[in-house]
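Quick notes on the structure that follows.
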Amino acid sequence: MNATTADPTPPDQGRIVLLTTSHRVAPGLLSWPAWQALRTADRVLCADGTHPQLPYLREAGVRVDEAAPTAEELVDACAGGRTAVVVATGEGDPALTDGLARLAGSGRVAMPDLELLPASYDLPGARLLDLVQVMDRIRLECPWSSRRTHKGLAKYAIEEAYELVEAIEDGDRDELREELGDVLLQVVFHARIAEDDPDAPFSVDDVAGTIVDKLVHRHPHVFGDETADTPEEVRAHWLRTKAAEKQRTSVTEGVPLGQPGLALAAKLASRVRTAGLDVPLPTGDGIGYELLALAARAESEGTDPETALRAAARTYRDAIRAVEAAGV
């Protein structure tokens, strides 16, 4: 009987780790698995000598070679069980990854183990940092944007708000996402303009900080010791804290007179009702007083007259189009 000979153990082809990082996270803030891979690697490579992570890696004692090896060179560097970590550039090193994929797919090359290791992750809202950076560059380099003022942009804020409302009413999700972005742009644009004010500058971080403080303060049932089990109790908390913050001498303070007439009338009626004031509606000749009474009545019944009229107008528009289509 012939003795069988066991197959020799295949050589260890090593390991390639593609380390990805987010530019939206401060350099040097890497995950523990990433630091372990970096410290135990036989070789660490990065094709971008200006990569923001490199100074921090070197400060931590990690030697990084500024090199852009081909897929074949990288596979050879891992022969004998060695580990190579590639710190990916902002573009993701597509030439290298495509080359590795071709080698692996050919079946002719014994490949190292391939691992994609995210070293840092974007937190929710991280893309807002991109928006701030893009807006900053546009403000500095665009001849039109660099000359804009708060007053000059005011009309666009109104237009974008109306387009957002229309997207909501249409129920178009793609349009809603786009219009929310346009409204957000107005906020970031105005905040960037404010940074250039010589007397009272503030930034988008100041804007965000202000609204965060306001939300926390006006939600003691979420961030404090208060309790609220119903929407009515939440509203009571909101109004109470808002009144303490503003210390207004009149319920009409803070009501913008430039808003559409029906919305203005409803807002004034809401302020009067909430404050428990007995203020009879003024009477007079003309459609304006009739509309004021209708708006106040709608508000007291829980209906937004501006929304109601807009819905009716949209129905009227559809009826007009139907008649036009029938006449073609």
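With Cα atoms defining each centre, the stretch 296-314 and the stretch 244-276 are spaced 17 Å apart in the structure. Calculated accessible area for the chain comes out at 67 Å² per residue, all protein chains present (probe 1.4 Å; ligands, DNA, RNA ignored). Derived scalar couplings between HN and Hα for the stretch 133-149 equal 5, 5, 5, 4, 5, 4, 4, 7, 10, 8, x, 7, 5, 5, 9, 6, 10 Hz in order, rounded to whole Hz, by the Karplus curve 6.51 cos²θ - 1.76 cosθ + 1.60 (θ = phi - 60°), x for Gly and Pro. What angle do you read, to the nearest 10 degrees and between 0 and 90, between the alpha-carbon axis of helix 261-275 and the longest principal axis of the chain? That helix lies at roughly 80 degrees to the long axis.
Dividing the C-alpha radius of gyration of the stretch 133-283 by 2.2 N^0.38 Å, with N its residue count, gives 1.30. Scanning residues 5 or more positions from VAL25 or on other chains, none has an amide H under 5 Å from its amide H, with H placed 1.01 Å from N in the peptide plane. Around the Cα centre of the stretch 259-328, unit charges on the Cβ atoms of Lys, Arg, Asp and Glu (plus for the first two, minus for the last two) sum to a dipole of about 200 debye. Across the stretch 19-126, Cα pairs under 8 Å and at least six residues apart give a relative contact order of 43 percent. Excluding same-chain neighbours fewer than eight residues apart, the aspartates and glutamates reachable from LYS267 by a Cα-Cα span under 15 Å are GLU253, GLU299, GLU301, ASP304, GLU306.
When both the stretch 35-56 and the stretch 129-158 are represented by their alpha-carbon centers, they are found 37 Å apart. Protein heavy-atom surface of the stretch 211-263, 1.4 angstrom probe: 56% of the accessible area is carbon and sulfur, with nucleic acids and ligands not counted.
Express in % the proportion of alpha carbon pairs of the stretch 286-328 at distances exceeding 11 Å. Intermediate values should be presented prior to the final figure.
Numbers: 618 of 903 pairs.
The share of Cα pairs beyond 11 Å in the stretch 286-328 comes to 68 percent.
Checking [x] 85, 45, 33; [y] 81, 49, 33; [z] 114, 60, 55 against the coordinates, the calculated Cα extents along the principal axes in Å falls under label [z]. Under the simplified labelling scheme, the ARG137-ARG102 pair shows an inter-label distance of 3.0 nm, with each label point 7 Å from Cα along Cα→Cβ.
Karplus-based coupling profile of the stretch 193-199, in residue order and whole Hz: 4, 4, 5, 8, 5, x, 9, with θ = phi - 60° in 6.51 cos²θ - 1.76 cosθ + 1.60 and x standing for Gly or Pro. Ligands, DNA and RNA left out, the 1.4 Å accessible surface of the stretch 285-328 is 61% carbon and sulfur atoms. Along the axis of the charge dipole computed for the stretch 163-321 (Cβ charges of +1 for Lys and Arg, -1 for Asp and Glu, origin at the Cα centre), the listed residues LEU294, ALA312, SER203 are led at the positive end by LEU294.
Could you put LYS151, LYS242 in order of accessible surface area, largest first, with the 1.4 Å probe and the full protein assembly present? Intermediate results must be reported in sequence, preceding the final value.
Working: LYS151 185, LYS242 55 Å².
Descending accessible area places them as LYS151, LYS242.
The values are calculated or read from the model by the stated rules, or taken from the named source; none is laboratory data. Since this is a predicted model, take the numbers as computed values, not measurements. Note that each Cβ is placed from the backbone with ideal geometry, even for glycine, and that neighbours are counted across all protein chains shown. Accessible surface is based on the protein model in full, side chains and every heavy atom, while ligands, DNA and RNA are left aside. Shrake-Rupley method; radii C 1.70, N 1.55, O 1.52, S 1.80 Å.
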